[in-house]
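All remarks here apply to the structure that follows.
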Amino acid sequence: MSDPLSKLPMFATDEEIAIAIVGKAKSADWRRGALVLLEARGFPKIDALHGGRPVPLVRKWYNQYMALDASYVLQSLEPAKENPESWTRSKRAARDQRKPQLGLSTRCLSALRYMVEHPDVRTSAEISGARDLTLEQLAQSGALKEGRRDSQGDRTWTVTDLGREEITRIDDWHHGKAPPRK
């Protein structure tokens, strides 16, 4: 007896797959009832580009589902193995994303915070304790961008998205605030 799935194209419709699996008489019932349950258990999804389900994956899924795949049987007999390193890595990666990235000095951090909190401030003269050197260091880190000189001849600066993100990370890191959801 030949495998009915082998007669299907590489990507088949649900109707073609149903006929191959349960026959034409039961195919409509299978599509309405069983297919929903099987999808919840990992049955291969429809590939939108090809307009059907990948038949090789359907075959493989059924082999595992019915325990026909020898490697599946062997895997199911082995005790489960835990991998605590994967937990540590994922926590560490999440923590590193929250961690401040630019390594700013206290003086630079204070100037950046002031500029973020006061968007109308554009020059070092408007920030207590800051000089052009401080703002140049912020520009080198990517937190600020230099603009044109103002009417008094002072250099102007604007906060970049990276600078705003760094302040958010610092607040989260030092104050335990949850980062804003986008």
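Things to note:
- The stretch 26-38 residues that are free of Cβ contacts under 8 Å to residues at least 12 places away in the same chain, paired with ones that are outside any helix (DSSP H, G or I) (beta carbon under 9 Å, 6 or more apart): Leu37/Phe43
- Tally of residues being surrounded by 14 or more Cβ atoms within 10 Å (Cβ to Cβ) and not hydrophobic (A, V, I, L, M, F, W, C) across the stretch 127-139: 4
- Of all residues making up the stretch 140-155, the number that are surrounded by 16 or more Cβ atoms within 10 Å (Cβ to Cβ) and touching a strand residue (DSSP E or B) at 6+ places or on another chain (Cβ under 8 Å): 3
For (1) modelled with pLDDT under 90; (2) in a helix (DSSP H, G or I); (3) within 17 Å of His174 (Cβ to Cβ), each residue gets a yes or a no:
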| residue | (1), (2), (3) |
| --- | --- |
| Arg89 | yes, yes, no |
| Asp96 | yes, yes, yes |
| Arg107 | yes, yes, yes |
| Ser110 | yes, yes, yes |
| Asp120 | yes, no, no |
| Ser128 | yes, no, no |
| Leu135 | yes, yes, no |
| Ala139 | yes, yes, no |
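- Residues being in contact with an Asp or Glu (Cβ under 9 Å, 6 or more places away or on another chain) and either under 15 Å from Leu104 (Cβ atoms) or at pLDDT 80 or above (or both) - total across the stretch 164-178: 1
The values are calculated or read from the model by the stated rules, or taken from the named source; none is laboratory data. The shown structure was predicted, so the numbers you read here are calculated from the model rather than taken from an experiment. Please note: Cβ atoms are built from the backbone with ideal geometry, for glycine as well, and neighbour counts cover all protein chains shown.
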